[in-house]
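In what follows, a structure is listed as structure tokens, so that the remarks can point back to it.
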Amino acid sequence: MLTRDRIALEKIIGYCDDIAAILEQIEWQYARYEGERVYQYALSMCLLQIGELVNHCSKELVDRHPDIPWKYARAMRNLYAHDYDSARLDIVWTTLTEDIPAFKLQLQRLLEGIYSVLL
């Protein structure tokens with residue numbers, strides 16, 4: 001694995017952690033997310049950064065792990081970068097509360113597998 005891939009994956013996991021921390025602040029309440037733009041903006045920035053970092057992962061890494069939803073992370077980034085106003089909060093909420101934790105777990109397992117190979 002390329003060092004840049006490892007670094008990108010670690011940064012993505014960091015943004016997943018940031019999402020979890022923000023969700024903790026609002027006590028995982030959709031009503032607070034829906035009602036407070038500051039949380040919407042903060043969380044959407046994390047999603048945008050995750051998608052951007054996925055764009056920096058090597059094609060080899062992405063191709064070797066087709067079970068990881070790389071294209072959806074990129075699609076979410078593109079939505080926020082180019083058409084933010086069309087994002088539906090309920091769908092984004094599901095992404096934040098269900099998809100991101102699962103994505104993080106996949107990336108952690110990927111890194112653990114990589115680290116065990118390197119050791």
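The values are calculated or read from the model by the stated rules, or taken from the named source; none is laboratory data. If you're wondering where the values come from, they're calculated on a predicted model, not measured in any experiment. Cβ coordinates were reconstructed from backbone atoms using ideal geometry, including for glycine residues, and neighbour counts include every protein chain displayed.
Entry remark, the stretch 1-40: residues being surrounded by 14 or more Cβ atoms within 10 Å (Cβ to Cβ), within 18 Å of residue 102 (Cβ to Cβ) and of a type in the set (A, V, I, L, M) number 7 in total. Would you call residue 31 out of contact with any His (no Cβ under 7 Å at 6 or more places or on another chain), of a type in the set (A, V, I, L, M, F, W, C) and modelled with pLDDT under 95? No: the conditions fail for residue 31. Whenever a residue of the stretch 10-35 is farther than 18 Å from residue 105 by Cβ, its partners that are surrounded by fewer than 17 Cβ atoms within 10 Å (Cβ to Cβ) and among the charged types (D, E, K, R), lying with C-beta atoms within less than 7 angstrom and at least six residues away or across chains, give the pairs 26/32. Scanning the stretch 12-29 for residues that are farther than 16 Å from residue 95 by Cα and under 13 Å from the mean Cα position of the chain (by Cα) yields a single hit, 14.
Considering (1) more than 23 Å from residue 78 (Cβ to Cβ); (2) in contact with a Leu (Cβ under 8 Å, 6 or more places away or on another chain), the lone condition that residue 25 does not fulfil carries the number (2).
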